[in-house]
Each structure stands twice: as C-alpha cells, then as structure tokens.
1. Can you name the number of the only condition in (1) more than 20 Å from residue 161 (Cα to Cα); (2) at pLDDT 95 or above; (3) out of contact with any helix residue (DSSP H, G or I) (no Cβ under 8 Å at 6 or more places or on another chain) that residue 84 fails?
2. Please specify each residue of the stretch 154-172 satisfying the condition of being in contact (Cβ under 8 Å) with a residue 24 or more places away in the chain and part of a loop (DSSP other than H, G, I, E, B).
3. Say we look at the stretch 13-34 and pick out the residues that are in contact with a strand residue (DSSP E or B) (Cβ under 7 Å, 6 or more places away or on another chain) and within 17 Å of residue 118 (Cβ to Cβ); which of these is surrounded by the fewest Cβ atoms within 10 Å (Cβ to Cβ)?
4. Listed residues 145, 92; which is touching a strand residue (DSSP E or B) at 6+ places or on another chain (Cβ under 9 Å), assigned to a loop (DSSP other than H, G, I, E, B) and at pLDDT 95 or above?
5. Working carefully through the options 8, 37, find the one that is closer than 19 Å to residue 150 by Cα, loosely packed, with under 14 Cβ neighbours inside 10 Å and in the same structural domain as residue 161 (by TED's automatic domain parsing).
6. Suppose we filter 8, 100, 37 for residues that are over 14 Å from the mean Cα position of the chain (by Cα) and more than 20 Å from residue 162 (Cα to Cα); which single one remains?
7. Specify which of the listed residues (99, 111, 123) is surrounded by 15 or more Cβ atoms within 10 Å (Cβ to Cβ) and not assigned by TED's automatic domain parsing to the domain that holds residue 9.
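The values are calculated or read from the model by the stated rules, or taken from the named source; none is laboratory data. Treat the numbers as computed from the prediction; the structure is a model and nothing was measured. Note that we place each Cβ from the backbone using ideal geometry, even for glycine, and neighbour counts take in every protein chain shown.
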C-alpha cells in the first residue's frame, strides 16, 4: 500500500477538516502548462527522480498524494511528498533541472475531500467553496488553494479520493 502523508485532524467543521501537517519534504517540478495537462507533465520528471534519476541513484517509495498548485494561468507546480522521515539534507540533487527539493514547515490547512475526476471547472468550484467555508468559520486562508490526488489515473472517477486544501494563518 502507498504511504500517505501524515497529518493530525484538529477539528471537523461542517464543510472541511482542520488539519495539522508536521514538517515534510517535497520534490517538485515547475511546469509551464494549463491546469488540465500540468499534472501529467509534472508527474514524469518527479517519477524519474524517485525511481533513481538523481545524483546518487537513490530510490524512494511512491507516496500519496500528488499535489498540484497553480502559480498562474499557464504555470503549475506538481509535487511528490517524500516518505515520512526523509531529511532534506540527505536528498540527492536532481539530474533534471525542472526538479527541485523543498522543505515544508509544520502548518495548518483546511481540507475538503471529494471524489470524481479532475475537470478544471469542477476543481475550481471546490476551491471556491472551501474558501467560502473557511472564511465563514472565521479562519484566514494563506495563499491559494491547491489540490491533492490520491489515486492512479486508471481508477474510475467515482472511486477516486481527491482533496482541495488551503494553508491557514495560525489557528491558535
């Protein structure tokens, strides 16, 4: 079974969960593409990296989710979460210039799960609904929503587990 990114549920609201994520390491690819094709284009160099296309030929297990964050109308950042416990200092340099390594500090995020496919209109509506729900509960989003995919592309849409997330300013 694929290792999933660890988190702790802090509170369950009517329309989302408030989660705490401990520190983790991402391997990322910045892709010039629209939303629909960005994930596929970003997946390839990341998969090559975790299967040994790096300076030390180190291999990593595939984890879930695959994260996609828009950085503009034609710019996407696709990320793999490296397995729990991987230290950024030990991650080898990528051979592919589009791949970078990023350490993410512990943080809180509002998360709304959904099933189904990845039609752009659908995920944008989900993001909008999450932001409305977060603000309605008196919380402050930090940045823009991003998306997490947990299942392989061949899994039927109605069985897929997806999430829309947004980081939050401190909830304490």
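1. (2)
2. Keep residues of the stretch 154-172 that are in contact (Cβ under 8 Å) with a residue 24 or more places away in the chain, which gives 157-171.
Answer for the stretch 154-172, where residues must be in contact (Cβ under 8 Å) with a residue 24 or more places away in the chain and part of a loop (DSSP other than H, G, I, E, B): 160, 169, 170, 171.
3. Our first condition is that a residue be in contact with a strand residue (DSSP E or B) (Cβ under 7 Å, 6 or more places away or on another chain); within the stretch 13-34, this holds for 15-21, 23-33.
Then drop every residue that is not within 17 Å of residue 118 (Cβ to Cβ), which leaves 31, 33.
Numbers: 31: 23, 33: 16.
The extreme case among them is 33.
4. Numbers: 145 fails: assigned to a loop (DSSP other than H, G, I, E, B).
Criteria check complete, one pass: 92.
5. Details: 37 fails: in the same structural domain as residue 161 (by TED's automatic domain parsing).
Selected residue: 8, the only one of 8, 37 that is closer than 19 Å to residue 150 by Cα, loosely packed, with under 14 Cβ neighbours inside 10 Å and in the same structural domain as residue 161 (by TED's automatic domain parsing).
6. Values: 8 fails: more than 20 Å from residue 162 (Cα to Cα); 37 fails: more than 20 Å from residue 162 (Cα to Cα).
On inspection, the qualifying residue turns out to be 100.
7. Values: 111 fails: not assigned by TED's automatic domain parsing to the domain that holds residue 9; 123 fails: not assigned by TED's automatic domain parsing to the domain that holds residue 9.
Checking each option against the conditions leaves just 99.
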